[in-house]
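The values are calculated or read from the model by the stated rules, or taken from the named source; none is laboratory data. Keep in mind the model is a prediction, meaning the values are calculated, not measured. Positions of Cβ are generated from backbone atoms using ideal geometry, with glycine treated the same way; all protein chains shown enter the neighbour counts.
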Amino acid sequence: MLRAEKLSEYFTVVDKPEEADAILKGVLSTQLAEGTTKARTSVSLLAADGHHLWSDDFGVRWVWGPASRCRDSIKLRAEDVANGLYGAWKKSMKSNQKTTDK
């Protein structure tokens, strides 16, 4: 599901770990409650050498509007992961640029 999110716009997603610069690992848990599925995820991005690059946890968040009842909570977690990873990448790029400018 992450391939369909922003990841493919900004990162190259590969199928084999030996082709990757970094590996995204995580856990997704779901719970059926009151007729809806609630999903939580915890993810880590590790460099190919095993060095920790980034991690975050994403839980249930409210989505407002007419489509809020039919939103897929697993898809929402995939969006959260893609947005979180992209945000961390942007932040690191700004940080690297400041270091280079000095």
Response to the item:
Taking the stretch 13-23 and keeping residues out of contact with any helix residue (DSSP H, G or I) (no Cβ under 9 Å at 6 or more places or on another chain) and under 19 Å from Ser92 (Cβ atoms) leaves Ala20, Asp21, Ala22
Practice prompt. For the stretch 23-50, name all the residues that are closer than 14 Å to Gly84 by Cβ and small (Gly, Ala, Ser).
Written response: Gly26, Ser42, Ser44
Worksheet item: Restricting the search to the stretch 31-49, which residues are in contact with a helix residue (DSSP H, G or I) (Cβ under 8 Å, 6 or more places away or on another chain), modelled with pLDDT under 90 and of a type in the set (S, T, N, Q)?
Response: Thr36, Thr37
Worksheet entry | Residue check, Val27 loosely packed, with under 15 Cβ neighbours inside 10 Å, among the hydrophobic types (A, V, I, L, M, F, W, C) and farther than 19 Å from Ser92 by Cβ | yes
Practice prompt. Report yes if some residue within the stretch 3-19 is loosely packed, with under 11 Cβ neighbours inside 10 Å, aromatic (Phe, Trp, Tyr), modelled with pLDDT under 85 and not in a strand (DSSP E or B); otherwise report no.
Written response: no
